[in-house]
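A quick write-up on the structure given underneath.
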Amino acid sequence: MTEMSLPGVHLAPNIQGAPDIYEIENIALDPEGLIEMTMWAIAPWQDRIVVDVGAGTGYHIPRFHALAAHVIAVEPHDDSRLQAMARVARLGLPRASVMTGSAERLLLPDQSVDILHARFAYFFAPRCAPGLAEVARVMRPGGTAFIIDNDLRSGTFASWLARIPGNPNAPADVVEEFWRDQGFNHERIISQWRFQTRADLEAVVRLEFGEALGAELIAEHSGLSVEYHYALYWKTYSA
């Protein structure tokens, strides 16, 4: 099955266009691990089956693999999936699998997943109802789905998003109401990007915001950190 035959697949220009720079972004993102700490407090994944939807090049696989019974990384884009497979092989992760699929077509049995994780992948409200129906199909009773997105209300990064010409993000009220209507809880996580070098920060800002706006933001912002708040939406499924 090719990526073009899977429903709900959209190009992600950042990771597909510049995977090396996106790796730098992943390293800088949430350096204290507050997202995972919040998730763990809600639903630990020790000895459980974890599915990472839109896993990209597999950056998060090792974090889950440390304690999970098995990690299944689902990625529709061929090049990214091959890089995720190479990461698993390079790190020697025996309880990890990488497979094709999309949020709208998870090639998994009904009620087979304990923890589902999707970070900046497909689930951009309010356009993701088909994927949520597929999530509901694969979740076991008592399993928990975590959706991680940008917080649109506060933080430097949110203010930068608002400056994108023709801002593609739905208003925060619309996004949060959508997730409430779908039965999801909402946690705001106050964190940051923290880079090792100024060159890394500038490369990532240009990747995410383009040359013109990126140059403006870089000129206005000093240092190696950017205040970045995250929205964690989560739901535990009943029978």
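The values are calculated or read from the model by the stated rules, or taken from the named source; none is laboratory data. Keep in mind that this is a model prediction, so the values were computed, not measured. Here the Cβ is made from the backbone with ideal geometry for all residues, glycine too, and neighbour counts use every protein chain on show.
Note on region 9-55: enclosed helices (runs of 4 or more DSSP H) holding 2 or more residues that are of a type in the set (A, V, I, L, M) are 19-28, 34-42. Looking for something buried (at least 21 other Cβ atoms within 10 Å of the Cβ) and either at negative phi or not aromatic (Phe, Trp, Tyr) (or both) - is there at least one such residue anywhere in region 170-181? For region 170-181, residues buried (at least 21 other Cβ atoms within 10 Å of the Cβ) and either at negative phi or not aromatic (Phe, Trp, Tyr) (or both): present. Contact annotation: no residue pair with Cβ atoms under 6 Å, 6 or more positions apart or on different chains, pairs a residue in region 32-44 that is surrounded by fewer than 16 Cβ atoms within 10 Å (Cβ to Cβ) and among the polar types (S, T, N, Q) with a partner that is assigned to a helix (DSSP H, G or I) and modelled with pLDDT of 95 or more. Just name the residue that is surrounded by the fewest Cβ atoms within 10 Å (Cβ to Cβ) out of those in region 206-230 that are touching an Asp or Glu at 6+ places or on another chain (Cβ under 8 Å) and more than 16 Å from Glu32 (Cα to Cα). Step by step, filter region 206-230, then rank; the result is Ile218.
State yes or no: is Ser112 in contact with a Phe, Trp or Tyr (Cβ under 9 Å, 6 or more places away or on another chain) and polar (S, T, N, Q)? Please lay out each step first, then the result.
Details: in contact with a Phe, Trp or Tyr (Cβ under 9 Å, 6 or more places away or on another chain): no; polar (S, T, N, Q): yes.
In short, no.
Just to check your reading of the model, which residue among Glu202, Glu216, Glu227 is of a type outside the set (Val, Ile, Thr), over 19 Å from Asn169 (Cβ atoms) and at pLDDT 95 or above? Break it down stepwise before answering.
Numbers: Glu216 fails: over 19 Å from Asn169 (Cβ atoms); Glu227 fails: over 19 Å from Asn169 (Cβ atoms).
One residue alone meets the criteria, Glu202.
Among Pro126, Pro76, which is surrounded by 23 or more Cβ atoms within 10 Å (Cβ to Cβ), within 18 Å of the chain's Cα centre (by Cα) and on the phi < 0 side of the Ramachandran plot? Walk me through it before giving the result.
Working: Pro126 fails: surrounded by 23 or more Cβ atoms within 10 Å (Cβ to Cβ).
On inspection, the qualifying residue turns out to be Pro76.
When the helices (runs of 4 or more DSSP H) confined to region 155-239 are screened for residues that are polar (S, T, N, Q) and under 21 Å from Ile24 (Cβ atoms), those reaching at least 1 such residues are found at 156-161. Each residue in region 81-106 was checked for being surrounded by fewer than 22 Cβ atoms within 10 Å (Cβ to Cβ) and touching a residue at least 60 places away in the same chain (Cβ under 8 Å), and 4 pass.
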